[in-house]
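What follows is a single structure, written as structure tokens, with notes after it.
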Amino acid sequence: MRQALGGPRLLLRRLREVMSEQMSAQARLDKIVVLIASNMVAEVCSVYVKRADGALELYATEGLNREAVHLTTMRADEGLVGLIAREAQPLALADAQNHPAFSYKPETGEEIYASFAGVPVLRAGNTLGVLVVQNRAKRIYSEEEMEALQTTAMILAELVAGGELEALARPGSGGTAIRRALTLNGQTIAEGVGLGHVVLHEPRIEIRNLLADDPQEELRRLNAAMEKMRASIDDLMEGGSLGGAGEHRDVLETFRMFAHDRGWIRRLQEAINTGLTAEAAVERVQSDARARLLRQTDPYLRERLHDLDDLANRLLHELTGAAFTLPADKLPENAILVARAMGPAALLDYQRHRLRGLVLEEGGSTSHVAIVARALGIPSVGRVEGLVGLVEQGDAIIVDGTAGEVQVRPSADVQSAYAEKARLRARRQEQYRALRDQPARTKDGVSIDLQMNAGLLIDMANLDETGASGIGLFRTEILFMVASSLPRAQAQEALYRSIIDIAGRRPVTFRTLDIGGDKVLPYLKQLEEENPALGWRAVRIGLDRPALLRTQLRALLAAAKDRDLRIMLPMVSVVEELDAAKAMLGRERERQRRLGQPGPKTVQLGVMLEVPSLLFDLDRVFEKADFISIGTNDLMQFMFAVDRDNAMVSNRFDPLHPSFLRALGQVADKAKATGTPVSICGEIAGRPAEALALIALGFRSFSVSPSGIGPFKAMLQGLEIAAVEPMVREGVAVGLDAPALRQKLKPFLPKGELAS
Ligand code: PEP
Ligand code: MG
């Protein structure tokens, strides 16, 4: 067996010199292949770079016919080079031509070489190219040589990722794969279109020094960083702030397991021994692991990739001292934040006016950060798998929150199409803003009470901006969800007071905590439930754990001093729950009086109608409640038995179905007969066709999300109730199907740009 001349260490030293010299990209690549070939005593060394179309193009060679450079390409499924790229695994063969994947390219003149060794050029687990050496004689490449090739491939990865090779690409080939345009799909979090540049919430650590002279020193640095990292994980686990059990602990246990994994540590040490710095070794081992795990189909193993990424990141931070997250005040203009996951508080820290969008790998539409993103009106998409590994800081990116789509490095055509879409949307928003001070009144003079839904202090600014007449639904649990610990009575009182103060003379309807189901408070122990939507939630928790509800009622009563207070109970299933809550409220008012504390001017206690059982007890509900608000999101969920958060079924049934409209019509009729006020606060009220049908059924009070106010008012302006009412009522009476009713409503809806 022939031994490499000078060994890997000498090769790396020479490579470092080549990297620091001033020369063209092609000249640098040409020098690199000559160096590798001579160091490894190989007759051939070639670099293939993966192009945007997936093919692997020969970018440089020593030993093969030079005329073939930028001419020879291998399809992704072709030859040994294609195989290495696909599998992201090194391959060494003493007799390459007899391998079933071997593919002969006559223009290269490679028929005379028997042995072949190739390694993938990897970055963050993605294959950017392939580095190959070949020998005439049949030979076995040593493990040490393969290691050296992999380390060299890492340097090539930096060259490709740095963009230096873009200019070399064959005209019309679309450039290297790393610059490839991508369309990624996810889940809508917040509507709207945002164009800008990638800003990684957790910036990747730039490793400036790949190569080191003193492996002993690097091993010492690695050990020290490992120790620190292990200690910080142990601290987290023993800190007690995790509440003993649950998901966080599982993740940390996995962390601890990896942090003590001898295989992982050995691979890091080996990488350092090939001449890498400690941080470059972490990156290389991580990239190999990513490449392997990305090809796994087992979801459990793929999930481990995140844990490993986190661990490698922690280690890199320990080694380089870099900050974990981007300092919030360092946000550039037109930023599109990209993160695997993010807490709501972190998002609130960024300067809103510089943010154009948010894309997350993990956050679903009900995550806490999603709630804040919606409140801030930032176009956002969640559940975009693998995103962080596919983008680089500063890449052009477009977020289409409405379609749940992300365009990474879009072409000029795509960019201008989206820019047009964003302009149109902005113009429409402008038109809606112009309606702000106009009364919410139909063309035939019927006034509609149009309020908005809110859940955070930042939402309150929308009252003035939209011209809503009040807050018809204040979801208090959202305040609790974004807090880091359970807000105490005083803190709650201060929050409620600020909300009432901002609203001024406009009414605010506070809904008591609607937790449980998908709304989880991070600091409260969560029960494992088979069917959380039907589980221990909302008013059920409030009545079973009276301290929670009592504290909230007390804080509301104190905050509303001398003003009108409206409180509403979520998820009431039977009227007795209203009775129990009313008794509790009575005791709290009595206590307030006894202590001589000033109370609200008036207190009204309402019920959310969102569980179908109440529909069959309307007489008693209307008699006992001061007002009713229909939560159509949950009412639809329970009436049609469709999980509102399951995209497979959530849109399966149309709210204009006669069964649903008939139920709502009965509630409207009962309200008219009894004089008990009723309003609608579910999402359907924010859609013009649905709102039109609801007005026709007799509803006159609505609470919609802030973005729904403009379209609602635009719809009102052209509406003559007398024209639609008989049509809708008759349709419901005869059981007209939803598509037919929609068709009939169409002529009454705004056309052109004002149609939402
Ligand atoms: C509803 O269920 O319709 C509603 C308004 O409440 P939430 O969406 O908060 O459950
Ligand atoms: Mg609800």
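Here, each number is a calculation from the coordinates, and none is a lab measurement. This is a predicted model, so every value here is computed, not measured. As a convention, Cβ positions derive from the backbone with ideal geometry for all residues, glycine included, and neighbour counts pool all protein chains shown.
Can you sort 329, 307 so the residue with the fewest Cβ neighbours within 10 Å comes first?
With the sparsest Cβ surroundings first, the list reads 329, 307.
Size of the dipole of the chain about the Cα centre, Lys and Arg at +1 and Asp and Glu at -1 on the beta carbon, nothing else charged, in debye to 20?
The calculated dipole for the chain is roughly 2060 debye.
Sort largest first and round to whole Å: the equivalent ellipsoid semi-axes of the stretch 277-429, each the square root of five times a Cα gyration tensor eigenvalue. Could the numbers behind the result be given before it?
Values: eigenvalues 173, 66, 51 Å².
Result for the stretch 277-429: semi-axes of 29, 18, 16 Å.
Which entries of 624/744; 31/105; 443/561; 443/601 show an alpha-carbon separation above 27 angstrom in the structure shown?
Table pairs above 27 Å Cα-Cα are 624/744; 443/561; 443/601.
Of all trypsin sites (Lys or Arg not before Pro) in the stretch 190-223, which ones are in loop regions per DSSP and have a Cβ with at most 11 other Cβ atoms within 10 Å?
Passing sites in the stretch 190-223 are 208.
Could you compute the net charge surrounding residue 439? Neighbours are other residues with a C-beta less than 13 Å from the C-beta of residue 439; K and R count +1, D and E count -1. Can you show the working numbers first?
Values: positive: 436, 441, 443, 713; negative: 437, 449.
Summing Lys and Arg as +1 and Asp and Glu as -1 gives +2.
Given the C-alpha centroids of the stretch 458-491 and the stretch 328-365, what is the distance between them in whole angstrom?
21 Å
Could you tell me the relative contact order of the chain? Use alpha-carbon pairs under 8 Å, at least six residues apart, and round to a whole percent.
In percent, rounded to a whole number, it is 9.
Place the peptides 425-436, 150-161 in order of packing, highest mean first, counting for every residue the other Cβ atoms within 10 Å and averaging per peptide.
So the order, starting with the most tightly packed, is 150-161, 425-436.
As an exercise, find the ratio Rg/Rh for the stretch 504-597 from alpha-carbon atoms, using the Kirkwood inverse-distance average for Rh.
My calculation puts Rg/Rh at 1.01.
Helix-only mean residue ellipticity at 222 nm, the chain, DSSP H runs n ≥ 4 weighted -39,500 (n - 2.57), per residue, nearest 500. What is it?
-14000 deg cm²/dmol
About its Cα centre, what dipole magnitude does the stretch 647-711 give when the only charges are +1 on Lys and Arg Cβ and -1 on Asp and Glu Cβ, stated in debye to the nearest 20?
Charge dipole, the stretch 647-711, about its Cα centre: 140 debye, nearest 20.
How big is the stretch 360-433 on each of its three principal axes, counting only the C-alpha atoms and giving the largest first in Å?
38, 32, 19
With a/c under 1.5 counting as rounded, go ahead and sort the stretch 94-231 into rounded, prolate or oblate using the C-alpha gyration tensor (a ≥ b ≥ c being the square roots of the eigenvalues; past the cut-off, prolate if a/b is larger than b/c, else oblate).
oblate
From Cα coordinates alone, what are the radius of gyration and Dmax values for the chain in angstrom?
31.9, 101
Could you work out the percent of alpha carbon pairs in the stretch 640-694 separated by over 13 Å, rounded to a whole number?
Values: 987 of 1485 pairs.
Tail fraction, whole percent: 66.
Quick one: divide the alpha-carbon radius of gyration of the stretch 451-534 by 2.2 N^0.38 Å and tell me what you get.
Normalised Rg, Cα atoms only: 1.20.
Which is farthest toward the positive dipole end of the chain among 553, 259, 339, measuring Cα position about the Cα centre, with Cβ charges +1 (Lys, Arg) and -1 (Asp, Glu)?
The one lying farthest along the dipole's positive direction is 553.
Can you put 442, 509 in order of Cβ neighbours within 10 angstrom, beginning with the fewest?
442, 509
Compute the Kirkwood hydrodynamic radius of the stretch 528-578, taking the inverse of the mean of 1/r over all pairs of distinct Cα atoms, and give it in Å to one decimal.
Taking every pair of different Cα atoms in the stretch 528-578, averaging 1/r and inverting gives 12.5 Å.
Quick one: order 536, 264 by neighbouring beta-carbon count within 10 Å, fewest to most.
536, 264
On full extension of the chain, what length is gained from residue 143 through residue 414, given 0.36 nm per residue of separation minus the C-alpha to C-alpha distance?
Numbers: separation 271, 0.36 × 271 = 97.56 nm, distance 4.68 nm.
Extra length available between residue 143 and residue 414 comes to 92.9 nm.
Between the stretch 532-546 and the stretch 399-420, what is the C-alpha centre distance in whole Å?
43 Å
Looking at the stretch 284-374, which chymotrypsin sites (Phe, Trp or Tyr not before Pro) are DSSP coil and have at most 14 other C-beta atoms within 10 Å of their C-beta? Display every interim value, and only then the final one.
Numbers: sites: 300, 324, 350; in loops: 324, 350.
Those that pass, being in a loop and sparsely packed, are 324.
Can you give the net charge of the other residues whose Cβ lies under 13 Å from the Cβ of residue 103, counting K and R as +1 and D and E as -1?
My count for the surroundings of residue 103 gives -3.
Take the alpha-carbon positions of the stretch 625-756, form their convex hull, and give its projected area averaged over all directions (one quarter of the hull surface) in nm². Please list the in-between numbers first.
Values: hull surface 33.5 nm².
Answer in nm², one decimal: 8.4.
So between residue 561 and residue 602, what do we pick up on full extension, going 0.36 nm a residue minus the alpha carbon distance?
13.8 nm
Of 197, 127, 580, which is farthest on the positive side of the dipole of the chain, counting Cα position, with +1 on Lys and Arg Cβ, -1 on Asp and Glu Cβ, and the Cα centre as origin?
580
Take every Cα pair under 8 Å in the stretch 113-172 that's 6+ residues apart, average their separations, divide by the length, and report that relative contact order as a whole percent.
35 percent
Looking at the square roots a ≥ b ≥ c of the eigenvalues of the Cα gyration tensor of the stretch 281-339, which shape do they give, rounded for a/c under 1.5, prolate if a/b is larger than b/c, or oblate?
Oblate, because a/c is 1.5 or more while a/b does not exceed b/c.
What is the gain in length, in nm to one decimal, between residue 498 and residue 393 on full extension, counting 0.36 nm per residue of separation less the C-alpha to C-alpha distance?
Result for the pair: 33.9 nm of gain on full extension.
Using only the Cα atoms of the stretch 8-64, build the gyration tensor, take square roots of its eigenvalues as a ≥ b ≥ c, and label the shape rounded, prolate or oblate: rounded if a/c is under 1.5, else prolate if a/b is larger than b/c, else oblate.
Here the stretch 8-64 falls in the oblate category.
Let me check the size of the stretch 43-168 from its C-alpha atoms; what are the radius of gyration and Dmax in Å?
Cα radius of gyration and Dmax of the stretch 43-168 are 13.3, 37 Å respectively.
Can you pull out the trypsin sites (Lys or Arg not before Pro) in the stretch 516-610 whose DSSP state is coil and whose Cβ has at most 13 other Cβ atoms within 10 Å? All intermediate terms of the calculation are to be shown ahead of the outcome.
Details: sites: 519, 525, 537, 540, 550, 554, 561, 563, 566, 582, 587, 589, 591, 593, 594, 601; in loops: 525, 537, 561, 563, 601.
In loop regions of the stretch 516-610 (DSSP not H, G, I, E or B), the sparsely surrounded trypsin sites (Lys or Arg not before Pro) are 525, 601.
Magnitude of the Cβ-charge dipole of the stretch 409-523, K/R +1 and D/E -1, about the Cα centre, nearest 20 debye?
Approximately 240 debye in magnitude.
For residue 624 paired with residue 650, estimate the spin-label separation in nm (one decimal), with each label point 7 Å from Cα along the Cα-to-Cβ line.
For the pair residue 624/residue 650, the computed spacing is 3.2 nm.
Quick one: what Rg and Dmax do you get for the stretch 257-362 from the alpha carbons, in Å?
Every Cα atom of the stretch 257-362 included, Rg and Dmax give 16.6, 48 Å.
How many angstrom separate the Cα center of the stretch 645-672 from the Cα center of the stretch 27-97?
Measuring centre to centre over Cα atoms gives 63 Å.
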